[in-house]
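The values are calculated or read from the model by the stated rules, or taken from the named source; none is laboratory data. Treat the numbers as computed from the prediction; the structure is a model and nothing was measured. Here Cβ is always computed from backbone atoms with ideal geometry, including for glycine, and neighbour counts include all displayed protein chains.
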Amino acid sequence: MVINIFHIYDLVLRWVMKAAGIIPVQLQIEPGTSMNFWVPARKPNKNHQNHPPLLFLHGFAANAIMTWQFQVLKFAKTHAVYVPDFMFFGDSVTDRPDRSPEFQAECVAEGLRKLGVERRFVLVGFSYGAMVGFRLAEKYPELVEAMVVTAAPTVLTERITEAALEKIGYKSWSEYLIPETVKGVKSMLEIASFEFPRFPRWIFKHYLEINIYFYL
């Protein structure tokens with residue numbers, strides 16, 4: 001039996017989150033569509049009530065809690081933190097063919113409604129999560145108090161796509177974002193990072209396996 005280091009880390013991380021008061025909740029958005037949210041295990045305390053809720057939206061390279069683990073642990077004591085897995089990441093699934101950021105935004109908004117989140121929140125989005133965040137703020141402006149985004153344009157136009165792909169040497173976003181080889185994983189992470197640290201080849205191999213079998 002081959003042990004995957006990321007699978008082990010995911011199990012440990014889930015335990016750490018629960019110890020910090022953050023638990024996973026599976027919500028039915030509509031028949032055939034369910035979204036996993038990491039949410040406060042208890043009702044908001046006085047600290048939470050003095051600060052706006054935080055909504056963290058992850059990028060394309062990993063699921064919600066893997067992306068935002070350090071931020072969640074930092075802010076969980078002072079803010080009500082909500083961290084959803086997008087469809088086909090983590091534990092969120094749908095039988096609908098729609099894969100658009102608009103659909104992801106609709107699912108997040110409906111999930112927050114089912115969780116009883118009534119206060120305006122601060123949205124924090126990274127990469128793909130920022131693009132979903134823009135659609136969420138556009139369609140549901142009454143929900144969003146402020147936004148903090150990084151590594152994403154407000155609209156991914158054809159012109160931006162062509163220039164970006166030419167710069168990084170890929171023919172399509174799917175070729176770049178969904179690597180099928182260890183070399184492709186290494187290239188994706190190095191391009192997306194500043195001074196990405198050196199890791200042995202097996203780390204990238206395990207990353208590829210965990211994304212294929214657990215997240216994507």
Take residues that are farther than 24 Å from V108 by Cα and in contact with a Gly (Cβ under 9 Å, 6 or more places away or on another chain) and tell me which of the helices (runs of 4 or more DSSP H) falling wholly in the stretch 143-201 contain 2 or more.
173-177, 182-192
Helices (runs of 4 or more DSSP H) enclosed by the stretch 34-134 - at least 1 residues per element that are within 15 Å of the chain's Cα centre (by Cα) and farther than 16 Å from V149 by Cβ:
64-75, 101-114
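Each row is one residue, and each column tells you yes or no for (1) within 25 Å of L156 (Cβ to Cβ); (2) at pLDDT 95 or above; (3) among the small types (G, A, S); (4) out of contact with any Phe, Trp or Tyr (no Cβ under 9 Å at 6 or more places or on another chain).
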residue: S34; (1), (2), (3), (4): no, yes, yes, yes
residue: P40; (1), (2), (3), (4): no, yes, no, no
residue: P44; (1), (2), (3), (4): no, no, no, yes
residue: P97; (1), (2), (3), (4): yes, no, no, yes
Tell me, please, whether a residue that is farther than 22 Å from Q26 by Cα, surrounded by 17 or more Cβ atoms within 10 Å (Cβ to Cβ), under 21 Å from the mean Cα position of the chain (by Cα) and assigned by TED's automatic domain parsing to the domain that holds F86 can be found in the stretch 149-161.
yes
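Residue by residue, here is whether (1) surrounded by fewer than 16 Cβ atoms within 10 Å (Cβ to Cβ); (2) outside the structural domain of E106 (by TED's automatic domain parsing); (3) closer than 18 Å to G116 by Cα holds:
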{"site": "P53", "(1), (2), (3)": "no, no, yes"}
{"site": "H58", "(1), (2), (3)": "no, no, no"}
{"site": "N63", "(1), (2), (3)": "no, no, no"}
{"site": "T67", "(1), (2), (3)": "no, no, no"}
{"site": "K74", "(1), (2), (3)": "yes, no, no"}
{"site": "V81", "(1), (2), (3)": "no, no, yes"}
{"site": "F88", "(1), (2), (3)": "yes, no, no"}
Residue hits (the stretch 35-48; of a type outside the set (F, W, Y) and either closer than 13 Å to V117 by Cβ or touching a residue at least 12 places away in the same chain (Cβ under 8 Å) (or both)) are M35, N36, V39, P40, A41, R42, K43, P44, N47, H48
Given Y176, Y207, Y140, which one is in contact (Cβ under 8 Å) with a residue 24 or more places away in the chain, buried (at least 19 other Cβ atoms within 10 Å of the Cβ) and not polar (S, T, N, Q)?
Y207
